[in-house]
Amino acid sequence: MRKLEYIIDSDFAGRQVLAFLKAHGYSSRMIKDLKKNPHGIMIGNKKVTVLKQLRRGDKLTIYIKDPAQTSVLPVKLPIDIVYEDKDVIVCNKPAFMATHPSQGNFDNTLANALAYHFQQTGQQCAVRFVNRLDKNTSGLILAAKNAYASAVLSDDLRQKRIARTYLAFVEGCPEPEQGVIDAPIARQECTVIKRCVDFDRGAVAVTHYKVLCRGDFSLLRLWLETGRTHQIRVHMSYIGTPVAGDFLYGHEFSGGMQRHALHSASLEFYHPLTGEKMSFESDLPEDMVTIYKKQWGEYR
């Protein structure tokens, strides 16, 4: 159970608890759950309703109780935890590991590994990923450890307050060497998995890119304004420079890659409780370093 405490200032004096909660990022579902919790909303040592009028100096305490994790099987798997506190956890996901369980990946995902980690450390946390990575994409991924952190971070993602930067090797080199791809993406007809650029049916998708090293396979830094499924892979293929090793949108094993050469290299967000700016970076994995060394020598 996560305990959050607030001292009411003059801005909310005379207003109801409900107004305070909504202003501080509590979702309607969370507020409904707090009402059901016998100790969900307290002022001092007294339980109150969301209609309670606040006074300046009141100590408002919120108890967030997470439901037991039942949908994800805890499995002991290697996990690279970059950062963890009471509210968030940042992991460095390896390639070839799915994020969530699905058909064919029931007990070998990052979610399974996190569920096991929470179980072994005595944390009653559901697995709530804020950003998503394809199975064969490596790098940084963020998860919230309680419903409140999840609500705040999910809203931050929608409001573009979470910055995600990727590194990729692509076939050839885009022209110009720095630009913006603004091309809507839709699910390709007659397939569940594949996406395509479609100006009639597609949802808005915007990708920024910059060439860092030019060659037969060029190294790009990319950052997203939107987060459509397979967005970088679809956009790179659309402009004629598919991600190396991308069998779905380009050419299998190009560059010697056994997977698409895409890595979530940096992640920046504001902590959902403290407001502190959090920044993390992840080095290129070895298979992508190999491409670099073949063209430009020692990687640094």
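The values are calculated or read from the model by the stated rules, or taken from the named source; none is laboratory data. This is a predicted model, so every value here is computed, not measured. Positions of Cβ are generated from backbone atoms using ideal geometry, with glycine treated the same way; all protein chains shown enter the neighbour counts.
Looking only at strands (runs of 3 or more DSSP E) that fall completely inside the stretch 177-275, which ones have 3 or more residues that are of a type in the set (V, I, T)? Spell out how you get there, then give the answer.
Numbers: elements: 178-182, 185-187, 195-197, 206-213, 217-224, 262-270.
Once the strands (runs of 3 or more DSSP E) in the stretch 177-275 are filtered for at least 3 residues that are of a type in the set (V, I, T), what remains is 206-213.
Let me spell it out: the conditions are (1) surrounded by fewer than 14 Cβ atoms within 10 Å (Cβ to Cβ); (2) farther than 30 Å from A168 by Cβ; (3) modelled with pLDDT of 90 or more, and K36 meets all of them except one. Which number is the exception?
Failed condition: (3).
Evaluate the stretch 104-114: report whether one residue or more is surrounded by 15 or more Cβ atoms within 10 Å (Cβ to Cβ), touching a Phe, Trp or Tyr at 6+ places or on another chain (Cβ under 8 Å), of a type in the set (V, I, T) and not assigned by TED's automatic domain parsing to the domain that holds F20.
no
Looking at S218, S150 in this structure, which one is more than 22 Å from T99 (Cα to Cα) and among the polar types (S, T, N, Q)? Talk me through it step by step, then tell me what you get.
On the way: S150 fails: more than 22 Å from T99 (Cα to Cα).
Going through S218, S150 in turn, the sole match is S218.
Within the stretch 20-31, track down each residue that is surrounded by 13 or more Cβ atoms within 10 Å (Cβ to Cβ) and either modelled with pLDDT under 95 or farther than 18 Å from R56 by Cβ (or both).
Here is the first cut: in the stretch 20-31, the residues surrounded by 13 or more Cβ atoms within 10 Å (Cβ to Cβ) are 20-22, 24-27, 30-31.
The answer is K22, H24, G25, Y26, S27, M30, I31.
Within the stretch 186-227, restricting attention to residues that are among the β-branched types (V, I, T) and more than 17 Å from G240 (Cα to Cα), which residue is modelled with the lowest pLDDT? Working first, answer last.
Of all residues in the stretch 186-227, those among the β-branched types (V, I, T) come to 191-193, 197, 204, 206-207, 211, 226.
So of that shortlist, the ones also more than 17 Å from G240 (Cα to Cα) come out as 191-193, 204, 226.
On the way: T191: 89, V192: 86, I193: 91, V204: 97, T226: 92.
Among them, the one singled out is V192.
Do the conditions hold for V17, that is, is it under 30 Å from S264 (Cα atoms), surrounded by 15 or more Cβ atoms within 10 Å (Cβ to Cβ), of a type in the set (A, V, I, L, M, F, W, C) and modelled with pLDDT of 95 or more?
On the way: under 30 Å from S264 (Cα atoms): no; surrounded by 15 or more Cβ atoms within 10 Å (Cβ to Cβ): yes; of a type in the set (A, V, I, L, M, F, W, C): yes; modelled with pLDDT of 95 or more: yes.
So V17 does not fit the description; no.
The conditions are (1) in a loop (DSSP other than H, G, I, E, B); (2) closer than 28 Å to D246 by Cβ, and C125 fails exactly one of them. Which is it?
(2)
Going residue by residue through the stretch 143-157, is there one that turns out to be modelled with pLDDT of 95 or more and among the hydroxyl-bearing types (S, T, Y)?
Taking every residue of the stretch 143-157 in turn, none turns out to be modelled with pLDDT of 95 or more and among the hydroxyl-bearing types (S, T, Y).
From (1) in contact (Cβ under 8 Å) with a residue 60 or more places away in the chain; (2) of a type in the set (F, W, Y); (3) surrounded by fewer than 22 Cβ atoms within 10 Å (Cβ to Cβ), pick out the condition that doesn't hold for F269.
(3)
Take the stretch 25-40 and flag every residue that is farther than 16 Å from F12 by Cα and not basic (K, R).
Taking the stretch 25-40 and keeping what is farther than 16 Å from F12 by Cα, we get 27-40.
If the condition is that a residue be farther than 16 Å from F12 by Cα and not basic (K, R), then S27, S28, M30, I31, D33, L34, N37, P38, H39, G40 are the ones that fit.
Go through the stretch 6-120 and tell me which helices (runs of 4 or more DSSP H), entirely inside it, have 3 or more residues that are in contact with a His (Cβ under 6 Å, 6 or more places away or on another chain).
Details: elements: 17-23, 28-36, 110-120.
Helices (runs of 4 or more DSSP H) meeting the threshold: none at all.
Being surrounded by fewer than 18 Cβ atoms within 10 Å (Cβ to Cβ), more than 24 Å from T274 (Cβ to Cβ), at pLDDT 95 or above and not hydrophobic (A, V, I, L, M, F, W, C), is that true of even one residue in the stretch 59-75?
For the stretch 59-75, residues surrounded by fewer than 18 Cβ atoms within 10 Å (Cβ to Cβ), more than 24 Å from T274 (Cβ to Cβ), at pLDDT 95 or above and not hydrophobic (A, V, I, L, M, F, W, C): absent.
What pairs can you find where one residue is in the stretch 134-159 and not assigned by TED's automatic domain parsing to the domain that holds Q258 and in a helix (DSSP H, G or I), the other is buried (at least 19 other Cβ atoms within 10 Å of the Cβ) and among the acidic types (D, E), and their Cβ atoms are less than 6 Å apart, with a gap of 6+ or different chains?
Going by the 6 Å Cβ cut-off, the qualifying pairs are A149/D87.
Among the residues of the stretch 217-258, what is the count of those that are in contact with a Gly (Cβ under 9 Å, 6 or more places away or on another chain) and not aliphatic (A, V, I, L, M)?
Restricting attention to the stretch 217-258, the residues satisfying the condition of being in contact with a Gly (Cβ under 9 Å, 6 or more places away or on another chain) are 217-218, 228, 233, 236-237, 239-245, 251-258.
Add one more test, that the residue is not aliphatic (A, V, I, L, M), and what stays is 217-218, 228, 233, 237, 240-242, 245, 251-256, 258.
The total comes to 16.
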